[in-house]
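Report on the structure given below.
The values are calculated or read from the model by the stated rules, or taken from the named source; none is laboratory data. The model shown is predicted, which means the values in this text are computed figures rather than measured ones. Don't worry about glycine lacking a Cβ; one is built from the backbone with ideal geometry, like all the others, and counts go over all protein chains shown.
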């Protein structure tokens, strides 16, 4: 009975065996789920902490890199370490073969000394670390070679900033009024006929009133992006249009720089004639066909042979007065916007100094007559135009050109007859 009651009791009041097993399995599953969720949460926490640690490591790496860069800047690796310094190289030039300094700086030693004296007389001197000799050499070497600042800096073992500083310092000195006006001067109104014309029957007496030649030239430049279009010339590159006059001693007498490369030579000429290019009455410059034929400019005939190459291919003789005039005109005539605009006048000034003081550069040393000292140049040198040439003035100059051409032609024919040469009708 007891067993039966026990059995019946289990059957009536307790869980069946299968149900108990299911509950145990359910408890185990719940426990496993809790463990899984806990592990998952722990993994997420660990990942979060690892990401934070990684962020801290990245910040630390950036900090260490910044510290390393700061330490590197504080103790940089020397760049200019050559044994031969810029000052040492200049000293070598000044104390070695006389042609060596001319090859490197385009001037002989005594002209280099004259340039130094001119700078010193106008208050230009050495700095704490760079002698005046090296400053001048930096300017001349850059002008002669056309190298970049970085390459010139390597040559002189100086920083780019130092090279740029002293190049501009010497540049502005030679293009300043004090030095420039001493050597680049317009011809005097009472100047006699130049020996180049006076002593050559091909030119005398036809060009007795010529005082030199005038022409425009394009010098490459590096303008800002805003100026680039205006500075681009008809050949496609950016340049400054410079107008220059020179006399028959091959010295520059007038320099205008800085005009846009897109400007025509005639436009530049008309502008300067209204401002500062004074030409004595009755005198004229020889010009090419790009300029107007006006009382102050004598130009060649259009449509006729002119350039040397056209005469030199074969031994061509002129066949009329206009061609003969053009040949004589050509034979007589053919003798760098802020910082860049100063380069042409500064170099023209140095060119004139060379022409005055370096006898080795002269074609005719015995016939050279030095220019008068500056204190004798107070005389009026010419007149400024009061407007562009009128039609009547251009016609007058064309008639004068025709008369000169006819005189040249008559002289040419007479000379050939004297030689007994056959003259075709």
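General remarks:
- Here 258, 216 are screened, and the one residue that is at positive phi and in contact with a helix residue (DSSP H, G or I) (Cβ under 6 Å, 6 or more places away or on another chain) is 258.
- Taken over the stretch 216-241, the criterion of being within 29 Å of residue 404 (Cα to Cα) and surrounded by 19 or more Cβ atoms within 10 Å (Cβ to Cβ) is satisfied by 216 alone.
- If you go through the stretch 168-214 and keep only what is closer than 30 Å to residue 122 by Cβ, modelled with pLDDT under 90 and not in a helix (DSSP H, G or I), you end up with 175, 176, 184, 185, 186, 187, 188, 189, 190, 191.
- So residue 249, is it surrounded by 15 or more Cβ atoms within 10 Å (Cβ to Cβ) and under 30 Å from residue 136 (Cα atoms): yes
- Single condition residue 263 does not satisfy, out of (1) at pLDDT 85 or above; (2) in a loop (DSSP other than H, G, I, E, B): (1)
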